[in-house]
Structure formats: structure tokens, C-alpha cells
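Working notes for the structure below.
Just so it is clear, none of the values below were taken in a lab; they were calculated from the coordinates. Everything numeric in this text was worked out from a predicted model, so none of it was measured. We place every Cβ from the backbone using ideal geometry, glycine too, and count neighbours over all the protein chains shown.
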Number of protein chains: 4
Amino acid sequence: MDKPMNVCVLIGSLRKASLNGMLANALMSFAPPSMKLEIAEIGQLPFFNQDLEAAATPAQWTAFRQRVKTAGAVLFVTPEYNRSVPAALKNALDVGSRPYGGSVWDRKPCAIVSRSPSAIGAFGANHHLRQSLVFLNVPTMQQPEAYVGHADKLFDEHGKLVNDGTRKFLQAFMQAFANWVERTRS
Amino acid sequence: MDKPMNVCVLIGSLRKASLNGMLANALMSFAPPSMKLEIAEIGQLPFFNQDLEAAATPAQWTAFRQRVKTAGAVLFVTPEYNRSVPAALKNALDVGSRPYGGSVWDRKPCAIVSRSPSAIGAFGANHHLRQSLVFLNVPTMQQPEAYVGHADKLFDEHGKLVNDGTRKFLQAFMQAFANWVERTRS
Amino acid sequence: MDKPMNVCVLIGSLRKASLNGMLANALMSFAPPSMKLEIAEIGQLPFFNQDLEAAATPAQWTAFRQRVKTAGAVLFVTPEYNRSVPAALKNALDVGSRPYGGSVWDRKPCAIVSRSPSAIGAFGANHHLRQSLVFLNVPTMQQPEAYVGHADKLFDEHGKLVNDGTRKFLQAFMQAFANWVERTRS
Amino acid sequence: MDKPMNVCVLIGSLRKASLNGMLANALMSFAPPSMKLEIAEIGQLPFFNQDLEAAATPAQWTAFRQRVKTAGAVLFVTPEYNRSVPAALKNALDVGSRPYGGSVWDRKPCAIVSRSPSAIGAFGANHHLRQSLVFLNVPTMQQPEAYVGHADKLFDEHGKLVNDGTRKFLQAFMQAFANWVERTRS
């Protein structure tokens, strides 16, 4: 049997005990045997700035790029800040996209789960992220879309998912993601 | 005669000698007498993270929020990174939008100039920014839209704008902006 | 006292007994005395095609353009079709935008109410519409945003709004719209 | 050898002698042997309206749906109207997406070529179309993106493509599309 594929999980919130982290944990527990999910940290990355690259590439950028390169696929779990992608997550995309010709995102299949405390499920962040992924040549799973609304009501005080409908949805989502990766990986 | 209104200029690129900076300088020189434009730095701001706010608001956030509060209007000058807004600029929006109920952007008129080395003029960044500004309740000038393409060909080696058509366009843009601010300021 | 301003209401759905129609009726009943809202039909408009304009402008286009011209402001009430604006409503925008130099939308203040049977409230349609309105130079109210979700549960079998929270929200929305129009009308 | 796959070409402009038609012709001539491209007309389709479906499905809808069903993939060639998708093309998407559970778009790979007389290449229409295709579960080719600007200068008076760079780009685009279809078809 093949070794499971390493899948890099990027979380849009930097909070220690965020709902995004709980959601990511749930998704990781639902991964089919063909995938092994691991979170890659993004909060330590300096803002992308080409002047820095020209002088001496920051060590955090090098390590992050290396981390994504070893992954076979990417899973984004993100809240919405002001109807778009949180800056820390956008910065991770920008850092990984450079230097020219060396983007770590190229042809790496991905899926997106967006969530919000409100009903709307971070639709704006989800689709702004997708626009960047067109340019980055990331085959992005279309269906099922995952807009997780009222996310604060889905977990108990230990961070455990307690909503049955959401559990079934996320399990089906991860299976669909595995199929998508299988079909579109290079 | 009234004192000129202070207008805060936010630049999406952190590069020292960026084309965005040259473009911002040109725009500042074309400001009508009713406006005084000044650049507010954004590269020093830690990523927004609500945990930090809860512990002790970072001094850079406090200073930045104070800086924007004193302005009567905002001018965005931005490149496009991966078909969307550069992370540093998105972070400035996020930092200024908090804490809840205290957003510094609320009802502050703005205009957007986006630019790219390619022909497209950062259309993607321009409109992603606009989506955030809906949520932030920022009256955003609609016309003229400013997509400055082939920006590398517009300036000489001293950073001086040498394209006549662009000069006239930017002058008209600044006049329209002044009119828009006059009409929509609170 | 001034005559109330004529406000043109455009409805994105062509269904006879649509929830959009009920929602539009509710909004019309909440209009402040300074405004008189009337629905303008859009389903009869042939698709925009410049060849037709060159031959002989269709009578329906001429009548629609004239109708919008007489209005001082525009209110959009729309569902979402496939994460974007329904074709009939997009066509109304396109027809009204021509011929070159004669757009009927120019500088006409507007507001948008989007609605869906799901929780998301047609966020995608709402913001795609806003992107067109940038080009059309329509000052569009930013806040309050109106994403009306679960719209099927808000009305009784006679089409009467029975949700108190929604009623209060829509009343406040109409008052804010009146203020916005007052501030941004030419 | 396998029979070439039927690929349905949808053109966003209804003009008889449109640049979109010339562009579509060029793309059709560059199709690799594995594909046979044919234009499907969309201008005759009544606006989508669920009341019509409930009464008696219009014959044009039935024929169009049948036409797309027989295709193995879809190529969109479109201008931009008011920073978004032309209504006739959006309507074709809407008509093909219904009735519930019977969408003809589901899992049908596609690619998008957008074009404009200006420099921007209809970026807005291109990405609004992509947002609909997420919902419709259409695997959409990410790279190369095709924003064809200054389209009026690319063809001679007989509608023949006379720009070498564009020819090479479109040939590479069609080959990439064939590869994408091969990888993602069901």
C-alpha cells in the first residue's frame, strides 16, 4: 500500500483557540487513509516584500516554501475578515508564489473550507481566495462548496464537533477532496 | 479659507523604490488646494490577531488607528499580488477595523488607484479592495476608475512621471476625488 | 413641501409570485415620505446586441431607458442564480448603459437588497452587481448591507412580511437609503 | 483511434460579425485532433423563469440543454459588459443549470477566453464567470488565463488572425485545454 499523501493545512486565523483550529482538527480526523494532514504555521512570516528577497531571503520564507513543496495537496480553512481573506493567509500565498518561476503552489490540488460566526459562511473570503488560486495554477475543488456558518454553535467547550449534520458534511467533503486530488495531481 | 483636509495615503507595496511610491508622489503633487495628502506607513503593523487585542493592543496598531482617525479621507495606491490585494494592505484594513464598534474607516470617503507592470492594471486587487470597503462603510469613488497598466514605462529614472496622458488623467482623477469627498463626507 | 422623488425598483426574478416581489412590496411600504417607489419591468427586454441598436433601437429598450431616466434613484431587489446576478437583471443594466455616452445609470444613487432561500442571502449576486455599478458610476449605498436569507420563512401565505426583526431591519434600510440618496444625488 | 470529443463553444456576444466570433473561429482552427469544436447558439433562449418550467418547458431550453449534454467539454469566448458577463451568456448558464438535479454543466470541463477592445481583456467577466462555474461544478482550467486585450487590432478585414504572438498563445491554450479535459473528464 502506498504511503499516505502529505496534505498541508493552512489556517486563516492566528488565534490560539480559534474555531478555525477546531474545524481544522475535525477535518484532519475525517481524512481518508490515503491522506495525512498537517498544519503549517503562517503567522511568523514577514510580509512579502521583493526588497527582502533581493537582499537575503528571510529564513521563515525559505522554511515555509520548503514545507509546502513537500506536500501533495493543500487544504485551506479560513474565516473572513472584512469580506475577504485574512492578511496572514494572503501573505502565505504571496510568500509561496515567489521568486518568479519558483512558486510552490503550481499544480498542487486544493480545497477550501470557509467559516463565520454569521450565517453567510465567509462566502467573500472563499471566492477571493479562489481568484488568487486561478493565477497560482492550483486546481481547486468546486463541489461541494463549504461555507460553514454559525460556526460557534457547532463545537462544545472542549472543541469537539457536536453537530451531526456538519460531521456528515465534512466527512463527505474530505472524501470528495481525496477524489479530486487523485484526479488532478500531476 | 478652510485649512486643507488631511488625506491619508496607503501604499500596497513595501518596496523602498516602488512604482507605487512614484505613483503616490505624482498623485500627491496633483492634489487640489483643499487637500493635503500624507503617506501612512503600514509595513510595521503586526498581523491582526484578536488574541493580541485581548492581551494588550500593540503600540503600532494604536498609532496607526490614531493616524487614520485624524484623516478626512483615504487614498489607496496599490499593486496586485496574485490577483488580489497585497497582504500588508489587507492587514492595514483589518487592523483599522477593530475593535468592534471602533473602526477607523467608517464613513471616510476614499478612492483607489491600482497599477501593474502588465496591461491589466491590477483590476483584481482594485475590486477585491472595493468589496472590503462595502463592509467597512467607506464611500468609494466609482468613476473615474484608475487601472494604471504598464506602470514601469510611465516614470523616468528619477521617479518623475513622463507620460502626458497619464498626468492629465491623474490630475482629473484627483479633482474628481476632491469633489467626491466634498459630497460624501460626514 | 417637495414632491417625493421617484425611485425605480428593479426585481431580479421574473416569477409572478416571487419572494422578491413580496420583499419589494415590503420595501415599498417602508419608503419614507420623501420617496415614491415603483417597479419597472425588465422581462420584456430583448438581449442587448449592438447590431440591433445600429439597425433600429427596439421599442422596449427605448421605453425602459426613458423609465429609468425619470427616476432619481434605483433600488435593486434580487435573488442569486448560480452565484451571480440573474440574466434578466444583468440585461437591464446592459440595455440601460447604452448607447455610448447615454447611459441612464450615470450618477443615479442606488441600494441593493439580495435574498435567497438559503442562509447565504445571495452574497455573490449582491457583489457582482456592485462591480457593474462601479463602471456605471452609480453611487451605491455601502451600509447597511442587505443579505436576506431564509427568505421563504419571512412571509405568510398572503405575501405579508411576518418577521419582526426583518421588518425593523428593512425600515432602517429604507431610511438609510433615503439619507444616502439625499447626500449623493447630483 | 478514438472519435474526437465534441466540445461546445459558447460566445458571449450576439453580434453577427463580432470579434468574439473571429476569436472563436481562430480557437476552433487550433483545436488538437482529439477535439471537435462547434458553436452552440444562445441568443434565442428566453430568460430563465421557473414559472415557464412549471408550465411547459420552452422548446429552445430543451434543445439547448440537449445540445450541451452531448458535449464532453465547454469553451467560453466572451466580451465584458459593464465589468461582468453579458446577459445572454449568463442566461445560457442559468437555463442549463435547471431543473434541479438535472444541470447539464455538472462535471463538464471548461476553459475561458475573455476579450476586450481595451487593455484589460475582460478580467471582470472572466472571473465572474468562474464564480458561477464553482457552483455548477465545472472543472475550469486555471492556467493559462486568457485575457485578450486590444482585440480589434488582432484581426484583418476578413476576420483572419494576423498577430503572431496571439496565434502562438491561442495554440498553446488549446493544447493545455485538451490536457485539462483529459485529466478532469468524468
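Worth a mention:
- Where Rh is the Kirkwood radius over Cα pairs, Rg/Rh for chain B: 0.96
- Simple Cβ-charge dipole of region D:5-185, Lys/Arg +1 and Asp/Glu -1, about Cα centre, in debye nearest 20: 260 debye
- From least to most packed, judged by other beta carbons within 10 angstrom and beginning with the fewest, B:Val162, C:Val7, A:Val77, B:Val181 follow the order B:Val162, B:Val181, C:Val7, A:Val77.
- Three-way shape label, the protein assembly as shown, alpha-carbon gyration tensor, a/c 1.5: rounded
- The relative contact order of region D:69-144 comes to 39 percent, based on Cα pairs under 8 Å that sit 6 or more residues apart.
- Between copies, A:Glu53 shows label-point distances of 3.2, 4.2, 4.6 nm, shortest first, with the point placed 7 angstrom from Cα along Cα to C-beta.
- For C:Asp152 and C:Ile39, the difference between the fully extended length at 0.36 nm per residue and the C-alpha to C-alpha distance is 38.6 nm.
- For the pair A:Asp2 and B:Val162, label points projected 7 Å from Cα toward Cβ lie 5.5 nm apart.
- Interchain or long-range residues, amide H under 5 Å from C:Met35's placed H: C:Met5
- The ranking of B:Leu161, A:Leu23, B:Leu136 from fewest to most other beta carbons within 10 Å of each one's beta carbon is B:Leu161, B:Leu136, A:Leu23.
- Contact order relative to length of region B:5-185, as percent, for alpha carbon pairs under 8 angstrom and 6 or more apart: 25 percent
- 3J(HN,Hα) along region D:171-186: 5, 5, 4, 5, 5, 4, 5, 4, 5, 4, 5, 4, 7, 10, 5, 6 Hz, from the Karplus curve 6.51 cos²θ - 1.76 cosθ + 1.60 with θ = phi - 60°, whole Hz, x for Gly and Pro.
- Here the sum of -39500 (n - 2.57) over DSSP H runs of 4 or more residues, divided by the residues of chain C, equals -12000 deg cm²/dmol at 222 nm, to the nearest 500.
- Ascending distances from the B:Ile39 label point to its copies in the other chains, with the point 7 Å along the Cα-to-beta-carbon line: 3.7, 5.1, 5.4 nm.
- Percent breakdown of C-alpha pair distances by 10 Å bin, ordered from the shortest bin, for region D:113-186: 18, 43, 30, 9, 0
- Inter-centroid distance (Cα atoms) of region C:114-151 relative to region B:9-51, Å: 30 Å
- Potential extension, A:Arg15-A:Glu182 segment - 0.36 nm per residue separation minus Cα distance: 56.9 nm
- Phi-derived couplings, Karplus 6.51 cos²θ - 1.76 cosθ + 1.60 at θ = phi - 60°, listed residue by residue for region A:135-152: 4, 7, 6, 9, x, 9, 4, 8, 10, x, 5, 10, 10, 8, x, 6, 4, 5 Hz, with x used for Gly and Pro.
- Radius 13 Å from Cβ of B:Ala26, net charge of other residues (Lys, Arg +1; Asp, Glu -1): +2
- Counting neighbouring beta carbons within 10 Å and listing from fewest to most, the residues A:Lys168, C:Lys36, B:Lys16 come out as B:Lys16, A:Lys168, C:Lys36.
- Cross-link reach list, lysines versus D:Lys160, counting only Cα pairs under 21 Å and skipping chain neighbours closer than eight places: D:Lys16, D:Lys36, D:Lys168
- ³J(HN,Hα) computed for each position of region C:102-118 - Karplus, 6.51 cos²θ - 1.76 cosθ + 1.60, integer Hz, glycine/proline x: x, 4, 7, 8, 3, 6, 9, x, 9, 9, 10, 10, 10, 8, 8, x, 7
- Summarising the amide proton neighbourhood of B:Thr78: residues at separation of 5 or more, or on other chains, whose placed amide H is nearer than 5 Å comprise B:Gly12, B:Val113, B:Ser114, B:Arg115.
- B:Gly121 long-range amide H proximity, modeled H, under 5 Å: B:Ser116, B:His150
- Plainly put, the tip 7 Å out from Cα toward Cβ on A:Lys153 is 0.8, 5.7, 5.7 nm from that tip on each other copy, the closest given first.
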